[in-house]
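Visitor: What follows is a single structure, and I will ask about it in a moment.
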Amino acid sequence: MKGVVDLLRELVAIPGPSGFEEEVRSSIASRLESLGFEPIVDAVGNLYVEVPGEGGGLLLAAHMDELGLVVTHVEDDGLLRFTKLGGIDDRILPSTRVELLGSRGRIPGVIGLKPPHLQLERGRQPEVVPWHKLAIDIGASTRDEAFEMGVDVLTPGVLEKPWVELGRGRLVASRAIDDRAGCAALLRLAEAIARGEVRPRSRLVLAWTVQEEVGLRGALALARNLRPDVMVAVDTVSCCEPAVTGRLKLGGGAVIRAVDLAYIADRRLVARLESLARERGIPVQKTVAGGGTDAAAFQRAGVRSVALGVPVKYTHSTVETLAKADLEALAALLEALAGEWGPS
């Protein structure tokens, strides 16, 4: 059985911008089928499996999509204009490598930056260049050449994905850790169930959702169609800003995301998770966070919800950073929860 960090590394490498999650979904579905599950894909592209049991049970969900780009126009000179998919900070775009998912395969490209040698107004601190003034260069010299390379309007792309180990191997940094970390943790749980290491007491649904980064759209559809007693979003938590997240830190364990900008967790669920973590000796942190998760979509649909995750530094950049031990703690907590969940 692969470790959860190994699963993360494999999933990070697969491109899946919001609305274009097919490759990620295919990979996860194939892994689930090899474990003996029968994955279901709904009308909007969410993927899920059910473990039968009594009652409405428990639903655990992680989102498959990542921040990305989509081509809006191909210039006469072959440069590609684009728009953003999700909350990408304009500051990280100039001088960034991208990968486009063209009709003839993956195409490398770069978002260029005017060098200081060619800047006409010297001595001025350059301002942040907004995304709509940038372009992707794939090396095409004409529009027709770009078309021949497999690029057209609506071609999606993702930002570069380095995989770097830091802190003598304790940390990893990459793009799309948000939320392939959650996807990996759920896959690890599926493996444990398939091998009989975890035996759910009640109905359990493991779900991988689409389009979280552009408004929780997959989760909203899933919440209407599946009515669990409780939903747990498995996601990352931006770290570390004491004014917002308190003492949340890398290496401190899994995270109970009790409050964020989109929801306030069911306090009974928070207390139950804290108690379970203590009983199992699993390190866990509790925090307030920015942003939101799929838990908000289920809460709006009237389902008791809470979010679990791992702390991540530099969220929504090309160097999202987490501690391996935190991801392992999250996987352990999910396995404990799945095995012990039942009406309290």
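Just so it is clear, none of the values below were taken in a lab; they were calculated from the coordinates. Computed from a prediction, not measured in an experiment: that's the story for all the values here. A quick note on method: Cβ atoms are made from the backbone with ideal geometry, for glycine too, and the neighbour counts reach across all protein chains shown.
Visitor: Among (1) 33, 25, 18; (2) 37, 22, 17; (3) 65, 22, 21, which is the computed semi-axes √(5λ) of the Cα gyration tensor in Å?
Guide: (2)
Visitor: So how far apart, in nm, are the two label points at Arg199 and Ser26 if each is 7 Å from Cα heading toward Cβ?
Guide: Output for this residue pair reads 3.8 nm.
Visitor: How big is the charge dipole of the range 222-331 about its Cα centre, in debye rounded to the nearest 20, if each Lys and Arg gets +1 on its Cβ and each Asp and Glu gets -1 on its Cβ?
Guide: Its charge dipole is roughly 280 debye.
Visitor: To the nearest 20 debye, what is the magnitude of the charge dipole of the chain about its Cα centre, counting +1 on the Cβ of each Lys and Arg and -1 on the Cβ of each Asp and Glu?
Guide: I would put it at about 1200 debye.
Visitor: If you don't mind, another one. Which ³J(HN,Hα) values in Hz, rounded to whole numbers, follow from the phi angles of the range 80-96 under the Karplus curve 6.51 cos²θ - 1.76 cosθ + 1.60, where θ = phi - 60° and Gly and Pro get x?
Guide: So the Karplus estimates, Gly and Pro as x, are 10, 8, 8, 10, 8, 10, x, x, 8, 6, 4, 5, 8, 6, x, 6, 10 Hz.
Visitor: What 222 nm value per residue comes from the helices of the chain, counting each DSSP H run with n ≥ 4 as -39,500 (n - 2.57) and dividing by all residues, nearest 500 deg cm²/dmol?
Guide: Calculated at 222 nm, the ellipticity per residue is -8500 deg cm²/dmol.
Visitor: Another question, then. Arrange Ser95, Ser18 by Cβ neighbour counts within 10 Å, fewest through most, would you?
Guide: Ascending Cβ contact count within 10 Å gives the list Ser95, Ser18.
Visitor: Could you give each residue of the range 146-152 its phi-based ³J(HN,Hα) in whole Hz, using Karplus coefficients 6.51, -1.76, 1.60 with θ = phi - 60°, and x for Gly or Pro?
Guide: Residue by residue, the range 146-152 yields 4, 4, 5, 6, x, 10, 8 Hz.
Visitor: Can you give me the long-range amide H partners of Gly56? Hydrogens built in the peptide plane at 1.01 Å from N, cutoff under 5 Å, separation of 5 or more residues or another chain.
Guide: Asp229
Visitor: Let me ask you something else. Take every Cα pair under 8 Å in the chain that's 6+ residues apart, average their separations, divide by the length, and report that relative contact order as a whole percent.
Guide: RCO, the chain: 24 percent.
Visitor: Between 0 and 90 degrees, rounded to the nearest ten: what's the tilt of helix 267-280 against the longest Cα principal axis of the chain?
Guide: 80 degrees
Visitor: Just the Kirkwood number for the range 1-103, please: inverse of mean 1/r across all distinct Cα pairs, in Å, one decimal.
Guide: 16.5 Å
Visitor: If I stretch the segment between Val44 and Val153 completely, what's the gain in nm (0.36 nm per residue apart, minus their alpha carbon distance), one decimal?
Guide: 37.1 nm
Visitor: Here's something else I'd like to know. In whole Å, what three semi-axes, largest first, describe the equivalent ellipsoid of the range 68-159 built from its Cα gyration tensor (square root of 5 times each eigenvalue)?
Guide: 24, 15, 10
Visitor: Same structure, new question: Roughly how many debye, to the nearest 20, is the charge dipole of the range 68-159 about its Cα centre, given +1 on each Lys and Arg Cβ, -1 on each Asp and Glu Cβ, and no other charges?
Guide: 360 debye
Visitor: Pairing rule first: another cysteine's C-beta must sit under 4.7 Å. Under that rule, which cysteines of the chain stay single?
Guide: Taking the Cβ cut-off of 4.7 Å, the unpaired cysteines of the chain are Cys183.
Visitor: Moving to a separate point now. Could you please rank Arg180, Arg304, placing first whichever residue has the fewest other Cβ atoms within 10 Å of its Cβ?
Guide: Ordered by Cβ neighbours within 10 Å, fewest first: Arg304, Arg180.
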